[in-house]
Amino acid sequence: MKTPRENLLGLLRKQGYDWVPCEFFLCRSLEEQFHKDVGEDVDYMDYFSMPWRRLPDLIPDDDDRSRFLPYHEEKNHIRCEELDEWGVGHRATPTSMHMTQMFCPLREAESVDVLEEYPLPTYSREKNPNLREYAEALHARGIASVGNMQCTVWETSWYIRGMEPLMMDMMCDEEMAEAILDRVTEMSVQRAQLYAEAGVDILYLGDDVGMQQSLMMSEEMYVTWLKPRLKRVIDAAKAIKPDIIVFYHSCGYVEPLIPHLIEAGIDVLNPIQPECMDFGEIFEKYGDRVAFHGTVGTQRVMPFGTPEEVKAVVGKHLDIAGPKGGLFVAPTHLLEPEVPWENIRAYVEACSEYHPAG
């Protein structure tokens, strides 16, 4: 009998699968309800037999974040509740489960020198010596291993620079745009290489480049600025581990970019929001070249549909993909407080009840 890891990898590689795995992330309140109902010490990923786990986040060589304070206190004149490893400031917002108010440390930068001198972190094996052991321990349990770095080039760059300034750089000041994008790409190459060296099955990349009904930028701008840099990250990982499966996440409408993402080297596209794109149409156009993850909407069907509607969506999309696989069916994003547990259970039941050959 296949392990959950073998079953998942076969599904993603379209080599056939024996059962439909399930996967989702819970917001804090839903996780608290799960622990109340099932037990405080129970991991919901174990409880629902999810087939993969992430390796720990990478530790930067220098994690003293006080070095970023001058970019906030002296230049932006703000005080943040938290600085992340890239020096981006964050302040919690009471109405969001997973978003923060962000403060971009290089928003006011006016010269390439400032961008090049900014103390971005570096990553090395010395600070992350046990990644391979962690991955091998997961494999020994029959679980697939994931190196997660979903903010890869675009998002990390604009978090640091600011979206509007970076957009303007890309249109009007190529030297400024190259400075920040190249430095972030190099940082992501280091991270991808470490995960590949650890032997992970899956490298999870991503940058949100889609909005609800359109791209965030023109196709030409994406191809000019982001596609070659994404390809560089993927090439670096696959040079070390050729069979690594590269996931790519972008919320929203991204259909015009799918051929470019495939050319850059992605293997699985997430999440194919049904509110933005039709999975049947996308699979017909691109299903012979790429696999998919997601497709069960978290804007409509998961929070506001009936359990029967949730089950119908799961079955419909698995039928489209067919018995060889190519779809890791799952909710398209974090499950928020308005999602009823009846619908979560309906999703899990739909996966367990589906027969790949039938």
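In this structure, does Y118 turn out to be under 30 Å from M45 (Cα atoms) and among the aromatic types (F, W, Y)? Spell out the reasoning first.
Working: under 30 Å from M45 (Cα atoms): no; among the aromatic types (F, W, Y): yes.
Against the criterion (under 30 Å from M45 (Cα atoms) and among the aromatic types (F, W, Y)), Y118 does not qualify.
Just wondering, is there one or more residues in region 192-213 that are touching a Pro at 6+ places or on another chain (Cβ under 9 Å), open to solvent by less than 30 Å² (accessible area, probe 1.4 Å) and either among the aromatic types (F, W, Y) or in contact (Cβ under 8 Å) with a residue 24 or more places away in the chain (or both)?
No, that holds for no residue.
One residue is enough: does region 295-305 have a residue meeting the conditions free of Cβ contacts under 8 Å to residues at least 60 places away in the same chain, touching a strand residue (DSSP E or B) at 6+ places or on another chain (Cβ under 6 Å), among the polar types (S, T, N, Q) and on the phi < 0 side of the Ramachandran plot?
Checked against the condition, which is being free of Cβ contacts under 8 Å to residues at least 60 places away in the same chain, touching a strand residue (DSSP E or B) at 6+ places or on another chain (Cβ under 6 Å), among the polar types (S, T, N, Q) and on the phi < 0 side of the Ramachandran plot, region 295-305 yields at least one hit.
Report every pair of residues separated by at least 6 positions or lying on different chains whose Cβ atoms are under 7 Å apart, first residue within region 69-87 and farther than 25 Å from L58 by Cβ and at pLDDT below 90, second open to solvent by 40 Å² or more (accessible area, probe 1.4 Å) and part of a helix (DSSP H, G or I).
Between residues of region 69-87 that are farther than 25 Å from L58 by Cβ and at pLDDT below 90 and residues that are open to solvent by 40 Å² or more (accessible area, probe 1.4 Å) and part of a helix (DSSP H, G or I), the close pairs are R79/E73.
Just give me the residues in region 134-166 being open to solvent by 30 Å² or more (accessible area, probe 1.4 Å), under 30 Å from L115 (Cα atoms) and part of a helix (DSSP H, G or I), in sequence order.
Those that are open to solvent by 30 Å² or more (accessible area, probe 1.4 Å), under 30 Å from L115 (Cα atoms) and part of a helix (DSSP H, G or I): W158, Y159, M163, E164.
With respect to the numbered conditions (1) closer than 23 Å to C251 by Cα; (2) open to solvent by 10 Å² or more (accessible area, probe 1.4 Å); (3) touching a Phe, Trp or Tyr at 6+ places or on another chain (Cβ under 9 Å), which one is the sole condition not fulfilled by L131?
(1)
The values are calculated or read from the model by the stated rules, or taken from the named source; none is laboratory data. Predicted, not measured: the structure shown is a model, and the values here were computed from it. All Cβ positions, glycine included, derive from the backbone under ideal geometry; neighbour counts span all protein chains shown. Ligands, DNA and RNA are stripped out before the accessible areas are found, and what is left, the full protein with its side chains, is counted by its heavy atoms. Shrake-Rupley method; radii C 1.70, N 1.55, O 1.52, S 1.80 Å.
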